[in-house]
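Heads up, the thing below is written out as structure tokens.
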Amino acid sequence: MQAWLVIGLGNPGPEYARTRHNVGAMAVEALAERWGGRLKSDRYTRCDVFDARWQGHRVVLARGRSYMNESGGPVKSLADHFHVPVDRTVVVHDELDIPFGALRVKQGGGDGGHNGLRSIRKVLGTGETVRIRMGIGRPPGRQDPADYVLKAFSGTQRDELDLLLDRADDAIECVIQDGVAMAQNRFNSE
């Protein structure tokens, strides 16, 4: 059975745990909980991993322990270790260009200035992964986007964060069960 790899991008450490840049990692952690497990340290890949069976599929849920701009190494390590091809690799990440609370499913494409995606593209030699793009919106006023992504969600956003995480997890499950096109039809139109 060929596995799926679902990796949530973020930065390591408690100071980043609940920041906008870590929303992808939060979604993968929530999916592990939904499936009755949790991410655990894996010594071979140096990532946090939950190797799951879901609806007849083998799905490796993971979060790297490197900083966002070094995400390519952990993704390659996981894909090589679990023998997962690029088209069955799902990268879950924050997206400035999508309003908070919305999400988009995409196959391939550019990195849009996202350092984690840039690193993955460089290390894998392609950007043809499946992506779950979780909207965090643009910073208010003249706030630097680099500062904005490293800050905690606002109070209103925190109230709606669980809904966004649930929708991202629904989208991940739809990609695995029904394919990218079906997930795009279902989630990109909302």
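None of the figures in this text is laboratory data; all of them are computed from the coordinates on show. The shown structure was predicted, so the numbers you read here are calculated from the model rather than taken from an experiment. In this analysis, Cβ positions are derived from the backbone assuming ideal geometry, glycine residues included, and neighbour counts consider all displayed protein chains.
Remarks
- Of 156, 19, 89, the one that fluctuates the most in a GNM where the chain has Cα springs shorter than 10 Å: 156
- Against the chain, whose longest principal axis is taken from its Cα atoms, helix 155-178 shows a tilt of about 30°.
- Think of the chain as having a plus end and a minus end, set by charges on the Cβ of Lys, Arg, Asp and Glu; of 182, 32, 129, 129 sits farthest toward the positive end of this dipole.
- Amide H partners (placed H, <5 Å) of residue 103, local residues excluded: 135
- Charges were assigned to the Cβ only: +1 to each Lys and Arg, -1 to each Asp and Glu. The resulting dipole of the chain about its Cα centre is roughly 400 debye.
- Inverting the pair-averaged 1/r between distinct Cα atoms of the chain gives 16.2 Å as its Kirkwood hydrodynamic radius.
- Peptide ranges 81-88, 106-113 listed from the most packed, as the mean C-beta count within 10 angstrom indicates: 81-88, 106-113
- All aspartates and glutamates inside 18 Å of residue 76 as judged from Cα atoms, apart from same-chain residues fewer than 8 positions distant: 42, 48, 51, 87, 111, 128
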